[in-house]
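Here the structure is laid out as structure tokens; the discussion comes afterwards.
The values are calculated or read from the model by the stated rules, or taken from the named source; none is laboratory data. Bear in mind that the values here come from a model prediction, so they are computed numbers and not experimental data. Cβ atoms come from the backbone with ideal geometry, glycine included; neighbour counts cover every protein chain shown. Just so you know, the surface numbers come from the protein's heavy atoms only, side chains and all, with ligands and any DNA or RNA stripped out. Shrake-Rupley method; radii C 1.70, N 1.55, O 1.52, S 1.80 Å.
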Amino acid sequence: GEAFVVRDHFAQALPDDARLQLPWWDAMGLRYLLTTAPMQFGGKRVGPELRGPGGEFYIYERESALPRAWVVPELQVTTDEEQAVTAIIQPDFAPRERAIITEAAATDLPEIPADQASKARRVEFRYEDLKRLTLAVGEGPAGYLVVADTELPGWSASIDGVPAPIARANVYQRLVPIPAGPCTVNFRYRTPGLLAGLTISSAAVLILVWLVIRALRQRRPRQPA
């Protein structure tokens, strides 16, 4: 709001009010808050007491924050993005119980019977770099794997080597339907249009080389007969 605008720029801070207790922050994985002033809604104060000539530094922990990846038993489907945003910032949003997804995003996803036991499935990070992410999901009934990473064009998913649909849920996060039983989920990123761009660029370079060679041949003086 206007109270947090400084010279037309929003301050890089969060307001200390009841909005910090919304489940939306749990889905984002917001666990620690760092501040130079005491907070009422920041959670539980943790860490050593830090004092110095400039004052005191505080670290608060939101113990309800979710891990980076988890499994939900069902989906909450909304008609459009606006309804999804409205639903996700409600106090009754339960990110452990369901993921919010639009009708368009849910089109290619299979329907999975809701089983609350799927919430207990363990998710372990096995490998990660800039283009790949491997997760091991433990035993349990079928459900939907949610990864609190940004879903962008170019990401694909596979389960035990078999291609799997991937969708955007909770406004920006990745979601993949997973079968019952332990499985390995692989995410891979390929830059959209990269292959086509390389092909066009290579063809353009070849044409340019051919034009240069042709121009040089035309400029070469002919030898007298």
**Request:** Go through (1) under 16 Å from GLY29 (Cα atoms); (2) not in a strand (DSSP E or B) one by one and return the number of the condition LEU145 breaks.
**Result:** (2)
**Fill in**
Scanning the range 25-40 for residues that are of a type outside the set (S, T, N, Q) and farther than 30 Å from GLN116 by Cα, the one most open to solvent (accessible area, probe 1.4 Å) turns out to be LEU34
**Fill in**
ALA117 vs (1) among the hydrophobic types (A, V, I, L, M, F, W, C); (2) touching a strand residue (DSSP E or B) at 6+ places or on another chain (Cβ under 8 Å); (3) not in a strand (DSSP E or B): all pass except (2)
**Message:** Being loosely packed, with under 13 Cβ neighbours inside 10 Å, out of contact with any helix residue (DSSP H, G or I) (no Cβ under 7 Å at 6 or more places or on another chain), at pLDDT 95 or above and of a type in the set (Lys, Arg) is true for just one of ARG132, ARG121. Which residue is that?
**Reply:** ARG132
**Request:** Go through the range 145-173 residue by residue and tally those that are open to solvent by less than 10 Å² (accessible area, probe 1.4 Å) and either under 10 Å from the mean Cα position of the chain (by Cα) or of a type in the set (Ser, Thr, Tyr) (or both).
**Result:** 5
**Request:** Spot the failing condition for GLY197; the list is (1) touching a helix residue (DSSP H, G or I) at 6+ places or on another chain (Cβ under 6 Å); (2) of a type outside the set (A, V, I, L, M, F, W, C); (3) free of Cβ contacts under 8 Å to residues at least 12 places away in the same chain, and only one is missed.
**Result:** (1)
**Prompt:** Looking at SER158, SER202, which is the one that is outside any loop (DSSP other than H, G, I, E, B) and modelled with pLDDT of 85 or more?
**Reply:** SER158
